[in-house]
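These notes concern the structure reproduced below.
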Amino acid sequence: MAALEHVKTALREVATPERAKTNAWFFKTAPGQYGHGDKFLGVTVPQQRKVARKYYKTLSLEAVEQLLLSPWHEERLSALFMLVLSYQNGDEAKRAQVASLYLANTKNINNWDLVDSSASYILGPHLENDPYKMKLLTKLAHSNNLWERRIAMLTTCHYIKQGRADEAFVIVEILKNDSHDLIQKAVGWMLREIGKCVNERTLTDFLGNNAATLPRTTLRYAIERLTPAQRAKYMSRTVT
């Protein structure tokens, strides 16, 4: 586990108390907030990516999993950066191991940046041709765990970027009335990406049927790339 200790040391060498304080505020760690109890070393994302690139080839997946179990946010995020790199640069067997490890540790992928930095880059391509893809994503979307629901939605970004929206709309239908703002933002974001990467008509057809009942947060995210007139129309909630 010597390599794992090198990673931990490398992160702490660039950590600052000021950054730790800022991150704790930014990721809502106060009692009652979504990140309550999370701990921060005080390392920037570029610094974490640099550490991940340096060590992912020498760190075993078992060691990466230990890092993913850490109470420290930056250690978990660095572990996810390593998993993404291992997946993208691995053979079929390695990719399968990475995806399996990822699914076994969703409880530790427990903040929005952790989800957003990993789900579409690991689960997206891994489930591409899996006949049980939608069964798994649907199960995650119905989870009581906020982060598993976000994983389900963000995974579909992989398919949206390939020009198709079918998978995303299945998850959108499950989550479109979710009460948590982090899910509302994720749904709206993926709808916006559909308008950008698939086509605008696919988005506006959906909004024509759903804008009047979508949470305002979801709607605002979804219409960001539309014209001012279109945005005003959908925000008026008088869509016909």
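Using only Cα atoms, tell me the angle between helix 73-89 and the longest principal axis of the chain; keep it within 0 to 90° and round to the nearest 10.
80
Once label points are set 7 Å from the Cα along Cα→Cβ at both ARG225 and LYS21, what is their separation, rounded to one decimal in nm?
Result: 4.0 nm between the two label points.
With a 1.4 Å probe and every protein chain left in place, work out the accessible area per residue of the range 127-185 in Å², rounded to a whole number.
I get 46 Å² per residue for the range 127-185.
Taking the 0 to 90 degree range and rounding to the nearest ten, how far is the long axis of helix 2-13 tilted relative to the main principal axis of the chain, both from C-alpha atoms?
Long axis of 2-13 versus the principal axis of the chain: about 70 degrees.
Given the peptides 38-44, 72-78, arrange them by the average over their residues of other C-beta atoms within 10 Å, most packed first.
Output ranking for 38-44, 72-78: 72-78, 38-44.
For a quick check: with amide H placed at 1.01 Å from N, whose amide H comes under 5 Å from LYS39's, ignoring anything fewer than 5 positions away on the same chain?
Under 5 Å from the amide H of LYS39 lie the amide H atoms of HIS73, each far enough along the sequence or on another chain.
Using only the alpha carbons, work out the radius of gyration and Dmax of the range 1-72 in angstrom.
Final numbers for Rg and Dmax: 13.2, 39 Å.
Along the Cα-to-Cβ line of ASP166, 7 Å from the Cα, sits a label point; which residues in the range 94-133 have backbone N less than 14 Å from it?
So the set is 128-133.
In 10 Å bins starting at zero, report the fraction of Cα pairs in the range 112-225 per bin as a rounded %.
Binned Cα distances yield the sequence 16, 52, 30, 2.
Find the lysine pairs in the range 11-159 meeting two conditions, Cα atoms under 17 Å apart and a separation of 8 or more places or different chains, and report how many there are.
5
Compute a Gaussian network model of the chain, connecting alpha carbons closer than 10 Å, and tell me which residue from ALA229, ALA52, ALA20 fluctuates the most.
ALA229
May I ask you to list the lysines whose Cα is less than 18 Å away from that of LYS196, ignoring any residue fewer than eight positions away on the same chain?
LYS161, LYS185
Once the Cα atoms of helix 166-175 and of the chain are each reduced to a long axis, what angle between those two axes, in degrees from 0 to 90 to the nearest 10, is obtained?
Between helix and principal axis, roughly 90 degrees.
Using a 10 angstrom cutoff on alpha carbons, build the Gaussian network for the chain and name the most mobile of MET134, MET82, MET190.
Among MET134, MET82, MET190, the largest GNM mean-square fluctuation belongs to MET134.
Apply the Kirkwood formula to the chain: the hydrodynamic radius equals the inverse of the mean of 1/r over all pairs of different alpha-carbon atoms; give it in Å with one decimal.
The Cα-based Kirkwood calculation yields 18.8 Å.
Run the accessible area of the chain with a 1.4 Å probe and give the carbon-and-sulfur part as a rounded percent.
51
Set the Förster radius R0 to 45 Å, insert the Cβ-Cβ distance between LYS39 and ASP205 as r into 1/(1 + (r/R0)^6), and round the FRET efficiency to 0.05.
Using R0 = 45 Å, I get an efficiency of 0.50.
Accessible area per residue for the range 12-83 in Å², computed with a 1.4 Å probe and the full protein assembly in place, what is it?
Normalised by residue count, the accessible surface of the range 12-83 is 54 Å².
The values are calculated or read from the model by the stated rules, or taken from the named source; none is laboratory data. Just so you know, these numbers come straight off a predicted model, no measurement behind them. A quick note on method: Cβ atoms are made from the backbone with ideal geometry, for glycine too, and the neighbour counts reach across all protein chains shown. Heads up: the accessible areas ignore ligands, DNA and RNA and are worked out on the full protein's heavy atoms, side chains in. Shrake-Rupley method; radii C 1.70, N 1.55, O 1.52, S 1.80 Å.
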